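Student: I have a structure here, written as C-alpha cells, and I will follow up with some questions on it.
The values are calculated or read from the model by the stated rules, or taken from the named source; none is laboratory data. It should be emphasised that the depicted structure is a prediction, and the values quoted were computed from it without experimental measurement. Here Cβ is always computed from backbone atoms with ideal geometry, including for glycine, and neighbour counts include all displayed protein chains.
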C-alpha cells in the first residue's frame, strides 16, 4: 500500500512540476529578429531619414534595377530596343504580347507602387512627427508624384492603397495623372519654403509632363516655362560601391549574357549589318558597330552607348567628320565600352529624372498642339537637329510636329519616356507609332497589340476589393 | 569560424580511444563462477543466427551471438537463470539454465521467424520506450539488415522504396544533392510538408540546403542527411502522420523520422572494416539534337555555317577535334534541304565521365555490463558524372553508455563529419552544360564556344567553381533513471551544429564570359551556421489498477530551439587570382550581409495508457504547444490523441488457422505545422541607395505579416492490423489512413499596391489525404540450403485541396510553362494542359495568318462557368504531380549460407511531369525531330512549336531496378590468416534499369526545382539518376 501511495504522490508531483514551467515559459519563446524593424517602430523619429531614403532607393530600383525596370523591360513595348533575354515571358513583351501572369508585369507594378505608397506614407509621418514643412517632405512628395506619372505612362490601369487597406477603385491613366498634381504642388510648396530650388524645378518639369499627358497644354506651357535654368538636371543616382547600388543597365549591356540592343527603328544603319561606322552620325544614339549574340543566342544586339539622358554622354560620334557630317568626330570606341570616349552603361551611370531640355520639349509640344507657334517650334527643332549633326529645316504643321517627335525620341533615347510618349500620341489621335509588322527575330513572328501593362495577377489575388478582367488577353485601354 | 571544432573533435577521438581501452579490459568477476554457453539457430533452417541479443533477465548481463550463433556469459554465481534471446525478425524465446561454479550450462535455443515484432521497442512518438504491441498507430522500420554492404551510400538511399507511405524522389543524379520527401502525401501548401528528423532523440536539421544564389545559375540543393554514414544506422523508425506524431506537437504533421545509431554491447567486442569502389555513369537516354538546313539557311553562312558548309565545321569527338560533319549525321531530302543530327554529350569527352568512388569504414562495438561503446570511422570520396561534381566525406561516431547502477543508465552520443563537395551548374542554368547541350543546334549554326552547344560548352561550363565545406557536430546525452520499478524517467539533451562555408569563385577573365562583374574576379563566401538544441524530458509511472488492468501515466516537456545565422561576404575586382580572402586590398569592392533567424518551440504532454490483460491497450494524450513563430494574437495550441491496440491472437478464443499473431490497431490524433519564423510580423528591412554621390541607408517594406497566424492542424485517423502467419513465413502490416489539414497555411500574394510585394500566410485552407499502406514480408523458401525472403511495400495516396477558404480561386505556378495549379477539388500542384484551339474534328483552327492558336484565357475562372473549368475554357486537368501509387519489392535469396542475391524494384506511378526542356527545344531551338523533319505535317510542326503543353505534360510512372547485389561470404577458414571471423565480397549495382512512359530527358524522377517544400515538378535538363556499380569487401573481427 505504501508503494501505491508513493506512486500516486509521485504522479501528482510530476504533474505539478511539469505544469510549473508553463507559468514562466514565455521567456523561452522570446527570439531576436535584429535584421528587420516592425512597422510599429516606424514612428521613431530617429528612423525618419532612413524611411525617406527608402523612397529614394525604391525609385532607383524601379528606374533601372528591377526585372520590371522602367528603362529596361518596361521599355520592351516601344520601338527603342530589341531584347536578347532568353526568359520567354519577358521576350514576349518585346513582341508586344503581354500577359498579366508573367513577364515584367508584377515587378514593374510592385516597384512603382512602392514609390507611391512609401512616398505618401513617409510624407504623412513627417508631417505628423516632424514639421509640416520639414524639408524632407519635398523629396518624398515629388517622388510620390513621379510614381504616379510613371504609373500613368506604363500601366493600363491602377489601384492605390491607403495605409490601412488596399484600394477598391481602378483608375484609368488620366485619373492616375490627376493624382500626381497635388503631390507636385505640395513638393513645390515645401521646397520653395526650404530653398530647395532643384526640387522646385523638378516638380515643375513633372507637372509639365503630367499636364501634357492630360492634354492640358496651357498648364503644360505654364509649368515648363517655370524652368529657365539650362543647366538644370536632376539625376537618379547610382554608385559602384555594391550590388544594391549599381545602375541595373550595366548588367544588361555587359558580359556574355547581355540582353539590350538597339532596335532597327533607331539603329543608325541596316539592321543585321556589321561594322556600322559611317552611318553613326547622331551622337545621341551611338551603338556598337557590330552586333553580338547575348543571353538568348538569337537576337542580334547592337549595344547602345550612353545617350543624352545619361551621365556618361560624350557628344561624340563614331562616324568620322565628312562633308555631310562636319560635326562628326570619328571617335574610336574602346572594345570593352568602359573606357570612353563612348561608354556603355556603367555601374555608376546616373540617369536623368528631369532636366531643362525635357521641359523645353514639353513646352514646344504643347505649343505645337495648341497651334500658332510653328516658327518657335521650328527653331527648337533645328536646335536639336544641330545636336544630331543634321542640317536645319523649315517645316510647318504636321510635318513639323513629326520632326519635333523625332527629335524628342532622339533626345530622350532609352531614357524611360518613350512608352508614355507613344501612348499619349495614340490616345490623343496624333498617330500610332508603336512597332508593328515582323519582329527582327523572324522566329518570333509579328508584333502584338499591347501598349501598356495590366495590373498583375498578384494584385487581384491579394486585393479582395477588385475583380479581374473578363478577358485578360484584351488590353484594357491604350 | 566553422572549423574551430577540429581540435575538440580530435580530443573526443582521443578520449574515445582511452575509453575503448578501458572497456575491453575484462572485468574481475569474469575470472570466477559458472558459465552459460549456448547456440542460437533459426528454427526452420537450423542455421546459426548472428547478433542475437542474449539477456540474463534480472541480472543485468547480456551479450550477443557471433557469426557462428554461439554465445557465452562467464563469471556467474550459482543459481537459476532465465535467458532471453531477441533478434529483429524473430520471436523472442526464453530458456532456463542452472549454473554451478566452475561448470558450463549449455543451451540450444531455436528462434521462430516473426515478420511482425510485437516485442520490438519503439522510441519514436512514444512517451519513453514502449513495446510495439502497445502502440495503436503504424510504425515502419525498414529492414536494413537485408541491404547488402555498399549498396547504399547515404540515408536517402536507405529510405528509398522501403517504407510504405514514404515517397522519396531524388531531384537530381548529381552527387551530394537532396531529395523531396513526403509521408502520406503533402499535407501542407506553405508550411514544411516534409517530416522532421531526429537522431538518437536529438532534433536533426535535415532539410535540403541551398548553396546560395549565383548569377545565371541553377544549383541543386544539397542533402544534410549525407552526414550520416548508413553503416552507423541501427534502425530507422518512421511515424507517418498526426495520429502518431502528436507527441511532437506543432511541427510534426508531416511525420517523424528517427534515426537510431548503433550502440555498444555488454559482452565482448566486434570490429568491422570495409573498403569499396564504385563507378557511376549516365545511362539514361540523351536527347538528340536535329537541325534543318533549308535553302535560306544554306545561303546564310554567317549565321548557319554548318548548313552552308558542313565540311568546314570543327567539333569535338571522343577521339579529339574533327573537321567536317560526317554524312552519317546528315539526312538529305534534296539538294538544298537536309537535317543534321548531333549528340554533344555523348560525343564530347569533356562533357560527361564515369565517376569513380571509393569508401572505407571501420567500426567497433563492445563493452561490459557497466560500460559499452560503439566507435566508427568512415571515409567516402565520390566523383559525379560531371567533371566539376564530387563529394568527399570523412566522419566518425562515438556512442558510449554507462550503467553505474541498475537504476541509472547514461548514454553519450557524439558524431563529427566533414564534407567537401563541389556542385556544377545544372538544369536550367544559362551557363550550365545540360541546358546548352540540350538546346544546341546540331553544329548547324555559328556557335560561340563549342560547335553544337547553344552557349557554353563543357570547357567553359566546367570552370564553374562552387564548393561547400561543411562540418556537422552532433552531441547528445540520454539519461534513463528508474529509481523504482514503477517509475521511469528519461532526459535527452542535445545539440546539432551545422557549419557550412559555400564558396563561389570566378577567376579574372578578360573575356568576361561569366559576366561583367565576374570577369573582374569575384569571390563569394556564405557561412551559414545552424544550431539546433533539444531538451526532452519524459516520465512514466506504472501502476496496477487491478489484476487485469494496468496503467501507465506519462508526462513530458520538449524544448526545441533553432538558430540560423549566416554571414555572406562578397568581393569583386580581384587584384590577382591568388589573393582570395575577402579583405581590403585584395578586392576593389567588398560587401557583407548577415541573416539571423531564431525559432523556439515549447511543448508539454500528458498521456494515460490503460492495458487490459497485456493485450488490449488504450492510450489517450494531450499535447500543448507554443512557438515563437505564432502570431502575437495567438498563444498556445492543443493536440489530442487516442489510440487502441488489441493483440487479438493472445486471446484464448483465437484459433485462426495459420495465424500466429494478429494485432488490430486504431489511432486518431492531431499534430501541427508551425509557420516559419517571423512570418507573423509586419516589418521593414534595411536597404541602401545613392544620393549626393554617397551611400544612404534606407528602410523599405519587407514582410506583410499576419498577427493572427497560427499553426496548421493536421487531424488523422488510421486503422489497420499486423499479422504473422504460417509460423512466421508470412507477415502482413496493413493500414488505412485518412488525414485532413485544417487552418492550412496558405501563401497569398501581398497586393503590390500596399508596397509589400511578396506573400504572406493566412490560415484558411483545407487539404485531405487518404490512402492505403501495405507491407508484406514472406519467406517462401526456407531450409538449410536455400532461403528466399521477400518484402513488398505498397501504398496509395489520394490528395485533394478541399478548400482555399474563400481567399483565392486558384494559385498557378510552374517554372517555364505555368502549368501547375492549386485548385479546389484537385490534388495540390496538379497539372493543367493547354492545347491549340481545335475544331470539332480535332483539327487545329488557324488564324488569319495561317498560324495555330493557343487559348490561354483559362488563367482565370471561365466567365461562363466560374466554378468549373469547362465550357469555353481550353485548359484541361491532366493529373497530379506526386505519385498516387507506389510499390517496392525486395528479394533476398541465400544459397548454401554463403551466396546471397539481392534485388530491389521501385515503382511509382499515377503522376505527371512536365518536360519544359522539350517544349523549349521545340519552340525556341527547333532542334527536335518533330519540328526539324521537313516531311512533317507543317500544321503539326506549328503545334509542336506553339505554347501548347498537352504533349509536354507526360505520365511519369516508372519502374526501376533500384538495387541489385551479389554477396559471397567467404568461408571462415579463408579468413584465418587475417584473424577475421568473417569476410564477404559484395558486387552491387544501383539504378540498373528503367521502364517508363515518360519521354522527356531520361528520368521521370528528377526535378529542376529542388526546394524541399515545392510542388513544382519540372524537367528542365535535370540530371538523371546515374547507374552505379560497386564492389565492397567487408571483414569482421
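Student: Within the range A:86-94, is there a residue that is more than 27 Å from residue A:235 (Cβ to Cβ), at pLDDT 95 or above, crowded, with 24+ Cβ neighbours inside 10 Å and within 13 Å of chain B (Cβ to nearest Cβ)?
Tutor: no
Student: When you scan the range B:799-806, do you find a residue that is closer than 29 Å to residue A:110 by Cβ, touching a helix residue (DSSP H, G or I) at 6+ places or on another chain (Cβ under 9 Å) and surrounded by fewer than 20 Cβ atoms within 10 Å (Cβ to Cβ), even just one?
Tutor: no
Residue-wise test of (1) within 14 Å of chain A (Cβ to nearest Cβ); (2) at pLDDT below 90; (3) surrounded by fewer than 16 Cβ atoms within 10 Å (Cβ to Cβ); (4) touching a helix residue (DSSP H, G or I) at 6+ places or on another chain (Cβ under 8 Å).
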residue	(1), (2), (3), (4)
B:611	no, no, no, yes
B:621	yes, no, no, yes
B:625	yes, yes, no, no
B:629	yes, yes, no, no
B:632	yes, yes, yes, no
B:642	no, no, no, no
B:660	no, yes, no, yes
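Student: Is it fair to say residue A:448 is closer than 23 Å to residue A:101 by Cα, within 14 Å of chain B (Cβ to nearest Cβ) and either part of a loop (DSSP other than H, G, I, E, B) or out of contact with any helix residue (DSSP H, G or I) (no Cβ under 8 Å at 6 or more places or on another chain) (or both)?
Tutor: yes
Student: Another question, then. Mind checking which residues of the range A:156-184 are surrounded by fewer than 18 Cβ atoms within 10 Å (Cβ to Cβ) and within 23 Å of the chain's Cα centre (by Cα)?
Tutor: Once the filter is applied, which keeps residues that are surrounded by fewer than 18 Cβ atoms within 10 Å (Cβ to Cβ) and within 23 Å of the chain's Cα centre (by Cα), the range A:156-184 yields A:162, A:172, A:174, A:175, A:178, A:182.
Student: A follow-up question, please. Can you tell me which residues in the range A:125-150 are away from chain B (no Cβ under 13 Å), more than 18 Å from residue A:204 (Cα to Cα) and surrounded by fewer than 24 Cβ atoms within 10 Å (Cβ to Cβ)?
Tutor: Across the range A:125-150, the qualifying residues are A:127, A:128, A:129, A:130, A:131, A:132, A:133, A:134.
Student: Can you tell me which of (1) over 19 Å from residue A:113 (Cβ atoms); (2) at pLDDT 95 or above is the one residue A:438 doesn't meet?
Tutor: (2)
Student: A further question on this structure: Which condition from (1) surrounded by 22 or more Cβ atoms within 10 Å (Cβ to Cβ); (2) over 17 Å from residue A:441 (Cα atoms); (3) in contact with a helix residue (DSSP H, G or I) (Cβ under 8 Å, 6 or more places away or on another chain) is the one that residue A:80 breaks?
Tutor: Going through the list (1) surrounded by 22 or more Cβ atoms within 10 Å (Cβ to Cβ); (2) over 17 Å from residue A:441 (Cα atoms); (3) in contact with a helix residue (DSSP H, G or I) (Cβ under 8 Å, 6 or more places away or on another chain), residue A:80 breaks only (2).
Student: Return the residues of the range B:333-346 that are out of contact with any helix residue (DSSP H, G or I) (no Cβ under 9 Å at 6 or more places or on another chain) and modelled with pLDDT of 95 or more; say none if nothing qualifies.
Tutor: B:333 - this is the single residue of the range B:333-346 that is out of contact with any helix residue (DSSP H, G or I) (no Cβ under 9 Å at 6 or more places or on another chain) and modelled with pLDDT of 95 or more.
Student: Which of the following residues is without any contact (Cβ under 8 Å) to a residue 60 or more places away in the chain, in contact with a helix residue (DSSP H, G or I) (Cβ under 7 Å, 6 or more places away or on another chain) and not in a helix (DSSP H, G or I): A:381, A:393?
Tutor: A:393
Student: Does the range B:83-100 hold any residues that are surrounded by fewer than 20 Cβ atoms within 10 Å (Cβ to Cβ), at pLDDT below 90 and more than 20 Å from residue B:66 (Cβ to Cβ), and which are they?
Tutor: The answer is B:94, and nothing else.
Student: Would you say residue B:512 is within 11 Å of chain A (Cβ to nearest Cβ), closer than 30 Å to residue A:249 by Cα and modelled with pLDDT under 95?
Tutor: yes
Student: Do we have residue A:153 as assigned to a helix (DSSP H, G or I), surrounded by fewer than 21 Cβ atoms within 10 Å (Cβ to Cβ), more than 13 Å from chain B (Cβ to nearest Cβ) and modelled with pLDDT of 95 or more here?
Tutor: no
Student: Residues of the range B:237-254 being buried (at least 24 other Cβ atoms within 10 Å of the Cβ) and outside any loop (DSSP other than H, G, I, E, B), which ones?
Tutor: B:238, B:239, B:242, B:243, B:244, B:245, B:246, B:247, B:248
Student: Got at least one residue in the range B:650-663 being under 32 Å from the mean Cα position of the chain (by Cα) and part of a loop (DSSP other than H, G, I, E, B)?
Tutor: no
Student: Test residue B:743 against the criterion of being more than 14 Å from chain A (Cβ to nearest Cβ), over 24 Å from the mean Cα position of the chain (by Cα) and within 28 Å of residue B:684 (Cα to Cα), and give yes or no.
Tutor: yes
Student: Only one of B:504, B:524 is surrounded by 22 or more Cβ atoms within 10 Å (Cβ to Cβ) and outside any loop (DSSP other than H, G, I, E, B). Can you tell me which?
Tutor: Answer to the check: B:504.
Student: A further question on this structure: Within the range B:562-594, how many residues are in contact (Cβ under 8 Å) with a residue 40 or more places away in the chain, at the interface with chain A (Cβ under 10 Å from one of its Cβ atoms) and closer than 27 Å to residue B:498 by Cβ?
Tutor: 2
Student: For the range A:42-56, which positions are within 11 Å of chain B (Cβ to nearest Cβ) and touching a helix residue (DSSP H, G or I) at 6+ places or on another chain (Cβ under 8 Å)?
Tutor: A:42, A:47, A:48, A:49, A:51, A:52, A:54, A:55, A:56
Student: Could you tell me how many of the residues in the range B:560-588 are part of a strand (DSSP E or B) and surrounded by 14 or more Cβ atoms within 10 Å (Cβ to Cβ)?
Tutor: 17
Student: Hey, can you tell me all the residues within the range B:900-929 that are modelled with pLDDT of 95 or more and in contact with a helix residue (DSSP H, G or I) (Cβ under 6 Å, 6 or more places away or on another chain)?
Tutor: Result: B:927, B:928.
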